[in-house]
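*Asks:* Shown below is the structure under consideration.
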Amino acid sequence: MDELRLSPESFQELLGKITPLIMQCVRDIDEGPTSFVQSLENSADSVEQAKQLAAAMKEERVPETGKAIADILDSLCNVAARGGVNSGSAGFCAYVPIGGLLHAVILEMVSLILNRVTPLFLLSPGMVQIESNVIAWMASVVGYDPVTSFGSFTSGGSMANFIGILAARRKYLREEQISQGAVMATSQTHSCIGKGLIMAGIPRSSLCLVECDEKLRMCPAALEKCIKAQRSSGHKPFLVVASGGTTNTGAVDDLRAISAICRCHDVWLHVDGVYGAAFNLTQRGRELLDGLEEADSIAIDLHKSFFLPTVTGLLLVRERFYLKNAFTHDVHAPFLPHVAAEEDNFMDMSPDLTRPCYGLRLWFPLKLCGIGKWRTALDDRLDWTAEFTDGLRKMSGIGVDLTTEPSLTILTFRYTPPVGSAATGDRGATQPDRQSEEHLAYLRQVNERLLVFINRRGNIFLSATTLPGSRYVIRVCVLNIRLTRERLMKGLTDISDGAKHIAEQL
Ligand SMILES: Cc1ncc(COP(=O)(O)O)c(C=O)c1O
């Protein structure tokens, strides 16, 4: 038996050899470090460390002969993976944590061994049906009619949003009208929307930023004004991108009001629910996301709030016709069988031709555990976010303040050393001008130090963001499936210890 065509016995032998290493990686998720750097903010040390690791992994020549599997995997797990941030680890609360359901990991191996492709119904009808089932299940989660809606799996949220943009563009703009199109979003819309517009051939100048309210949600009245102004200046408003949970602060736009405006003005409503749409499973989430089911399309990441490992996204459309319409073209492949149009041919609903059965990734954990477990996990994280917020509120006396109230499971806070202490650089007489550039830069520096302090403790790993008004704030996203309440609350102690420690040194 040659080395490429592994025999079943050799495969089993390999499995046996790597099982201890797999188990070490599994234990590391809970017990290993949250990060190998203290923060990704402004850190020359992190850059130097990253360069050294990359240099250690650099290989100039393609290997001519094979090496022992233990050595290869050791360099993967114990060298390559020991740099940067440990985004799959239990304490990771930065950015939007990715999931890591181990059930999905096991399934992935089985799926790759089955190695079935699903561009066409006839190639793998059972797999295509499984994927269609999962799409219908997710449609029902967001409140769509599972019969009249449909969806397309993607490599992640950016691609799901991109397909939403394509569907809208195809419905409303003829080729020669593309340069006249107008898209409405806000300053809080994820950057992948701007990228998606470029990929869809829509000029950057088509993007109009609608004003936000004090909770950083799109103002419906300002949206309506913007649509009317665009139309009267000869543009074709065709797409509104609303947020079902922004990355920055978790803000959820008023989807009910926005969808009414979109209906009235005949504009496509796409909701970026990449982080937040899954919360529609919970009562509290449903209240915030009220009106979600009115959207024409919704992007979801299954590797975020459905806890799958990297990466799987899903674009859902309320009316299935518009998904196929987004990809309709007249270039045919003579080598592919003709299949009745009413069947689900995923090649007609995605940029991919050869593709696995993406749906299996969620189908297996859902069949094993039942959707109630996701509802409970998301509800737990909503509870923990509320408890964490209460803990932060109690720190206002030491200068730690919430900068945005929690929305879904994201909150932001900032440390402002108390006025009158040496810490503010103010000796007690006057209040520092909180808007001055100098003071903002000072607060940024103080909060960068606090972030490093928290991350170095290793209980939770946080990131930062900048809110309007150039306010640098620390951000917490409570989503990780391996996170426990106890571990998160230890983070509260780290924050208060950090603030006190910094105050002493100022
Ligand atoms: C709200 C939102 N939209 C889109 C994206 C992009 O998703 P992905 O990274 O899966 O492409 C993210 C990523 O965090 C997000 O939070």
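The values are calculated or read from the model by the stated rules, or taken from the named source; none is laboratory data. On a predicted model such as this, the values are computed, not experimentally measured, just so you know. Quick reminder, even Gly has a Cβ in these numbers, built from the backbone with ideal geometry, and neighbours come from all protein chains shown. The accessibility values were calculated without ligands, DNA or RNA, using every heavy atom of the protein model including side chains. Shrake-Rupley method; radii C 1.70, N 1.55, O 1.52, S 1.80 Å.
*Asks:* Test Gly66 against the criterion of being open to solvent by 40 Å² or more (accessible area, probe 1.4 Å) and in contact (Cβ under 8 Å) with a residue 60 or more places away in the chain, and give yes or no.
*Replies:* For Gly66, the condition - open to solvent by 40 Å² or more (accessible area, probe 1.4 Å) and in contact (Cβ under 8 Å) with a residue 60 or more places away in the chain - is met.
*Asks:* Name the residues in the range 202-240 that are crowded, with 19+ Cβ neighbours inside 10 Å and part of a helix (DSSP H, G or I), would you?
*Replies:* Ser206, Pro220, Leu223, Glu224, Cys226, Ile227, Gln230
*Asks:* Then there's this: Return yes or no: is Leu122 surrounded by fewer than 23 Cβ atoms within 10 Å (Cβ to Cβ) and not assigned by TED's automatic domain parsing to the domain that holds His190?
*Replies:* Considered against the rule, which asks whether it is surrounded by fewer than 23 Cβ atoms within 10 Å (Cβ to Cβ) and not assigned by TED's automatic domain parsing to the domain that holds His190, Leu122 comes out as no.
*Asks:* Kindly indicate whether any position in the range 151-164 is away from the ligand (no atom under 15 Å from the Cβ), open to solvent by 10 Å² or more (accessible area, probe 1.4 Å), within 19 Å of Tyr322 (Cα to Cα) and assigned by TED's automatic domain parsing to the domain that holds Phe346.
*Replies:* The answer is no, given that none of the residues of the range 151-164 is away from the ligand (no atom under 15 Å from the Cβ), open to solvent by 10 Å² or more (accessible area, probe 1.4 Å), within 19 Å of Tyr322 (Cα to Cα) and assigned by TED's automatic domain parsing to the domain that holds Phe346.
*Asks:* Run down Leu288, Leu269, Leu316, Leu308 and say which single residue is within 15 Å of the ligand (Cβ to nearest atom) and either over 28 Å from Arg475 (Cα atoms) or outside the structural domain of Pro365 (by TED's automatic domain parsing) (or both).
*Replies:* One residue alone meets the criteria, Leu316.
*Asks:* Are there any pairs with C-beta distances below 9 angstrom linking a residue in the range 296-308 that is touching a residue at least 24 places away in the same chain (Cβ under 8 Å) to a residue that is of a type in the set (D, E, K, R) and within 10 Å of the ligand (Cβ to nearest atom), with the two at least 6 apart or on different chains, and if so which?
*Replies:* If the second residue must be of a type in the set (D, E, K, R) and within 10 Å of the ligand (Cβ to nearest atom), the pairs left are Ile298/Asp272; Ala299/Asp272; Leu308/Asp301.
*Asks:* Among residues belonging to the range 304-323 that are open to solvent by 10 Å² or more (accessible area, probe 1.4 Å) and modelled with pLDDT of 95 or more, point out the one that is nearest to the chain's Cα centre (by Cα).
*Replies:* Lys304
*Asks:* Which numbered condition in (1) aliphatic (A, V, I, L, M); (2) more than 16 Å from the ligand (Cβ to nearest atom); (3) not assigned by TED's automatic domain parsing to the domain that holds Phe346 is the only one that Ala104 fails?
*Replies:* For Ala104, the failing item is (2).
*Asks:* Looking only at the range 165-187, count every residue that is away from the ligand (no atom under 16 Å from the Cβ), outside any helix (DSSP H, G or I) and of a type outside the set (Lys, Arg) and tell me the total.
*Replies:* Matching residues across the range 165-187 total 4.
*Asks:* Moving on to the next point. Is it the case, given these coordinates, that Asp348 is open to solvent by 10 Å² or more (accessible area, probe 1.4 Å), under 30 Å from Val105 (Cα atoms) and either free of Cβ contacts under 8 Å to residues at least 60 places away in the same chain or outside the structural domain of Asn248 (by TED's automatic domain parsing) (or both)?
*Replies:* Judged against the criteria, Asp348 is a match.
*Asks:* Give the residue, chosen from Arg393, Arg414, that is basic (Lys, Arg), modelled with pLDDT of 95 or more and surrounded by 19 or more Cβ atoms within 10 Å (Cβ to Cβ).
*Replies:* Arg414
*Asks:* Which numbered condition trips up Val96, out of (1) crowded, with 16+ Cβ neighbours inside 10 Å; (2) without any contact (Cβ under 8 Å) to a residue 60 or more places away in the chain?
*Replies:* (2)
*Asks:* Which residue pairs have Cβ atoms under 8 Å apart, sit 6 or more places apart or on different chains, and have a first residue in the range 356-369 that is more than 15 Å from Pro119 (Cα to Cα) and in contact (Cβ under 8 Å) with a residue 60 or more places away in the chain and a second that is surrounded by fewer than 20 Cβ atoms within 10 Å (Cβ to Cβ) and charged (D, E, K, R)?
*Replies:* Arg361/Glu108
*Asks:* Can you name every one of the helices (runs of 4 or more DSSP H) wholly within the range 1-83 that holds 1 or more residues which are within 22 Å of Arg457 (Cβ to Cβ) and among the aromatic types (Phe, Trp, Tyr)?
*Replies:* Where helices (runs of 4 or more DSSP H) fall fully within the range 1-83, none carries at least 1 residues being within 22 Å of Arg457 (Cβ to Cβ) and among the aromatic types (Phe, Trp, Tyr).
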